[in-house]
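Contents: one structure, followed by commentary.
The values are calculated or read from the model by the stated rules, or taken from the named source; none is laboratory data. Remember, it's a predicted structure, so these values are computed and weren't measured experimentally. A quick note on method: Cβ atoms are made from the backbone with ideal geometry, for glycine too, and the neighbour counts reach across all protein chains shown. To get the accessible areas, we keep the full protein, side chains included, count just its heavy atoms, and leave off ligands, DNA and RNA. Shrake-Rupley method; radii C 1.70, N 1.55, O 1.52, S 1.80 Å.
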Amino acid sequence: MTNKKQQQLQTYTVNDDKQALTTNQGLKLTEDEHSLKLGERGPTLLEDFHFREKMTHFDHERIPERVVHARGTAAHGIFESYGDASDITKADFLSAKGKQTPTFTRFSTVAGSRGSGDTVRDARGFATKFYTDEGNYDLVGNNIPVFFIQDAIKFPDFVHAVKPEPHNEIPQAQSAHDTFWDFIAANQESAHMVMWHMSDRSIPRSYRMMEGFGVNTYRFVNAKGEARFVKFHWKPVLGVHSLVWDEAQKIAGKDPDFHRRDLYDAIEQGNYPEYELGVQIIEEKDEFAFDFDILDPTKIWPEEQVPVRLLGKMTLNRNVDNFFAETEQVAFHVGHVVPGIDFSNDPLLQGRLFSYTDTQLIRLGGPNFHELPINKPVCPFHNNQRDGYGRQTINTGPVSYHKNSIQHNAPAPVTEAAGGYAHYEEKVEGRKVRARSKSFEDHFSQARMFWLSMTATEQQHIIKAFSFEVGKVTRKEIRQQVVDMLANICPQLATEVATNVGVQPPTQTKPVDYEKTSPTVSQLRQPKKGITGRKVAVIVEAGASVNPALKELLATDVVVELISATQGKYGEHDIDHTFDTAAPVLYDGLVVMADYKEDAIAAGKCQQFIDETYNHYKTIANLTACKLPYQTNVGIASDIKQFLTDLAEHRHWLRKDALG
Ligand code: HDE
């Protein structure tokens, strides 16, 4: 195959070969392999400033990883506005058709540490920094539209519960353990989120195929000062797709960087991921018109009731040059807003407004993280903040205070008309209380709505996920509490899980009284949206000449990798992998070329490859004359045309004999 990886290697910039090696102070070095010693076999000298500088820098290479969302990957992009949204917001980056704004987006898992696997069952972070002409705007969201808790004060408890247990630091990047499920059963506001968490949403196929949600309720404000409540959405152009659980677990071993690699490779190959940005809008007068509180972050605004208005599209088109400098050092904050975007009193959002800056202070070592290249606004910024760890700006002159006369009162605030940020003047009255509104008390209606909106296949996946996760809980009483909690959502669900995890069926037989559905929350009901960038494994016979079917495949938008028993040539193409270096879980579909030896197809590693592809409901093209040993032919094509049509289906759930 034309090896994209080889091309990639050649594009790396080679340092100027005339560059001298120096210390960080610019001192040219004559030697970099031996420390300064007293005699060739003698002790190293403290005087060796070069050794000490090199070693000290190395000793301090790591910075504290993020407390949550430590594992992530990121890319640069461009956001383009679809039109003029000034009727709802004065945000300048949404003010004109075609207006472009650079972006930086970091995707992440939540629970695992920096080196954990990509495909674990977890929510995914979807955080975007827009470098607008009016300052940086950060949209810090997840791929699930609700959250586990309603008030930020419970966040440390929730995170402690999901993280590895403190006595033995087990398990890594998993929610399938006692403390997580103990938290869920004891804090039932998490019921809706846990349904999403047990659904296929928490094992996405790719960051390119995930929705993003701002989760919290924000405000849009227009130039007339009119405000509306909004929720943000990202809609992936490739559609929303997931792995199956067995596959996700295997990938975590076969390629822990699966999502990171997928995003990186797609961008290198020019298959730029795209996402449309939209908002749901609720007028202030309708604040109380719904059967849920619009400030409650455990509730969605069903799209059937509040449609999404699309505002523009983001294209991720450039990988980072340096993972640490960009992906690791990027600092997001929900409080980084621009005029036209404001907050609601959502109690989760209010707490987030404190936490993000606070966390950057410890993580990035002080208050000057905004000066790091990845965090720096593209528009000018001036104020009287000074000094601190890692300060880079060399401020000149005697003035570092406002107001002043020496510098004619510069820098000075400007009016709203001149682009100054004015907080929306919401009228708020009340007593100072530590309490939660009664309107936040219904924890089960939308959890049930989610369940009722799923297809039968998705419901089966949810039952299996609960059975796996709760089945891993060692304390039987916690398993029982979770099952009892599920009875509020659906007694049938609770009973099936109870049987699988060996506890009593719930005594409660009636769920919460709520029968509404919201079909848009189901992934399988959404349009499939094509095959661009899908990965196809092609099993060929090493040494054979190229079959025309390969040319047909190469003429499409799929990414092809050749696999054989050995890594030789197939016609003019290099074979990319053997059965040992590749794995079926890493591909969306499989083609067995007609030239592959018939007696070998139903034997050994080739058979394992085909079986696993079948068991994970993925598309197969069998171009050989050999018949495959399955009960059904669903999703098994005998030519490339049919294969491509089947591939667009993503998975073939009608295979009853599949073991996935
Ligand atoms: Fe975060 N969250 N969060 N969060 N969050 C962080 O900030 C926090 C919440 C989200 O790629 C931290 O820089 C609190 C909801 C993403 O760098 C920290 C609460 C949503 C990222 C923090 C929440 C998110 C973070 C840790 C409850 C979806 C990664 C490192 C009130 C809308 C951003 C950091 C990146 C990261 C606090 C809940 C999304 C500790 C207190 C809900 C995508 O500040």
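Keeping all protein chains in place, calculate the accessible area per residue for segment 535-647 (probe 1.4 angstrom), answer in Å².
Working: 4570 Å² over 113 residues.
I get 40 Å² per residue for segment 535-647.
Report, in whole Å, the centroid distance computed from the Cα atoms of segment 44-95 and segment 577-594.
So the separation of the two Cα centres works out to 36 Å.
Quote the relative contact order of segment 535-647 in percent (integer), defining contacts as alpha-carbon pairs under 8 Å separated by 6+ residues.
Values: 205 pairs, mean separation 28.4, N = 113.
The value is 25 percent.
With a 1.4 Å probe and all protein chains kept in place, how do Trp245, Trp301 rank by accessible area, largest first? Mind dumping the intermediate values first?
On the way: Trp245 50, Trp301 5 Å².
If we order Trp245, Trp301 from most to least accessible, we get Trp245, Trp301.
Can you pick out the pairs among Lys235/Lys551; Lys528/Lys618; Lys464/Lys656 whose Cα atoms lie more than 25 Å from each other?
Lys235/Lys551
In square angstrom, what is the accessible area per residue of segment 295-338 with a 1.4 angstrom probe? Don't skip to the answer; put the middle values down first.
Working: 1470 Å² over 44 residues.
Accessible area per residue: 33 Å².
Round to the nearest 0.05 the FRET efficiency obtained for Gln508 and Asn345 when R0 = 41 Å and r is the Cβ-Cβ distance.
Details: r = 34 Å, r/R0 = 0.83.
That pair, Gln508 with Asn345, gives E of 0.75.
Tell me the accessible surface of Thr532 in square angstrom (1.4 angstrom probe, heavy atoms of protein chains only), to the nearest ten.
50 Å²
Could you pull out every one of the lysines with an alpha carbon less than 28 Å from that of Lys37, ignoring same-chain neighbours closer than 8 positions?
Excluding near neighbours in sequence, the set is Lys28, Lys54.
Starting from the residue with the highest accessible area, list Thr396, Thr101 in decreasing order, probe 1.4 Å.
On the way: Thr396 110, Thr101 5 Å².
In descending accessible area the options line up as Thr396, Thr101.
Count neighbours as other Cβ atoms within 10 Å of each site's Cβ, and list the GluC sites (Glu not before Pro) in segment 287-329 that are DSSP loop with at most 15 such neighbours. Let's see the in-between values first.
Numbers: sites: Glu287, Glu303, Glu304, Glu326, Glu328; in loops: Glu287, Glu303, Glu304.
Within segment 287-329, the qualifying GluC sites (Glu not before Pro) (loop, at most 15 other Cβ atoms within 10 Å) are Glu287, Glu304.
Roughly how many percent of the accessible protein surface of segment 72-371 is carbon and sulfur, given a 1.4 Å probe and a whole-percent answer?
Using a 1.4 Å probe with all protein chains present, segment 72-371 comes out at 52 percent carbon and sulfur.
Sort out for me the Cα centre separation of segment 430-463 from segment 348-366, rounded to whole Å.
Cα centroid to Cα centroid, the span is 28 Å.
Roll a 1.4 Å probe over the protein heavy atoms and report the accessible area of Phe213 in Å², nearest 10.
Accessible surface of Phe213 is approximately 20 Å².
Given a 1.4 Å probe, how much area per residue of segment 443-521 is accessible, in Å²?
Details: 3480 Å² over 79 residues.
For segment 443-521, the per-residue accessible area is 44 Å².
Given Lys231/Lys285; Lys250/Lys605; Lys90/Lys224; Lys254/Lys627, which pairs have Cα atoms separated by over 20 Å? Mind dumping the intermediate values first?
Details: Lys231/Lys285 16 Å; Lys250/Lys605 16 Å; Lys90/Lys224 9 Å; Lys254/Lys627 29 Å.
Pairs exceeding 20 Å: Lys254/Lys627.
Quick query: amide H of Ala111 versus all other amide H atoms, modeled in the peptide plane; which residues come in under 5 Å with a sequence gap of 5 or more or a different chain?
Under 5 Å from the amide H of Ala111 lie the amide H atoms of His69, each far enough along the sequence or on another chain.
Measuring from centroid to centroid over Cα atoms, what is the spacing of segment 235-289 and segment 28-42 in Å?
Going from one Cα centre to the other spans 52 Å.
So how much accessible area does Tyr401 have, in Å² to the nearest 10, using a 1.4 Å probe?
Its heavy atoms expose roughly 100 Å² to the probe.
With a 1.4 Å probe and all protein chains left in place, how much of the accessible area of segment 535-647 comes from carbon and sulfur atoms, in whole percent? Before the final figure, lay out the partial values.
Working: 2250 of 4570 Å².
On segment 535-647, the fraction of accessible area on carbon and sulfur atoms equals 49 percent.
Show me the GluC sites (Glu not before Pro) within segment 433-492 that DSSP assigns to loop and that have at most 11 other Cβ atoms within 10 Å of their Cβ. If you can, show how the numbers build up before the last one.
Values: sites: Glu441, Glu458, Glu469, Glu477; in loops: Glu441.
Passing sites in segment 433-492 are Glu441.
Can you give the extra length, in nm with one decimal, that the chain gains between His577 and Ile170 once fully stretched, where that is 0.36 nm per residue apart less the Cα-Cα distance?
Gain on stretching His577 to Ile170: 143.1 nm.
Hey, what did segment 157-235 get for relative contact order, percent, Cα under 8 Å, at least 6 apart?
On the way: 63 pairs, mean separation 13.7, N = 79.
Relative contact order here is 17 percent.
Among the lysines, select those whose C-alpha is under 19 Å from the C-alpha of Lys438, and discard any that sit fewer than 8 residues away in the same chain.
List returned: Lys154, Lys299.
Starting from 0.36 nm per residue, how many nanometres of slack lie between Gln188 and Lys551 once their C-alpha separation is accounted for?
Result: 125.2 nm gained on full extension.
With a cut-off of at most 15 other beta carbons within 10 Å, and DSSP calling the residue loop, which trypsin sites (Lys or Arg not before Pro) in segment 113-210 qualify? Please list them.
Working: sites: Arg114, Arg121, Arg124, Lys129, Lys154, Arg201, Arg205, Arg208; in loops: Arg114, Arg121, Arg205.
Filter output for segment 113-210: Arg114.
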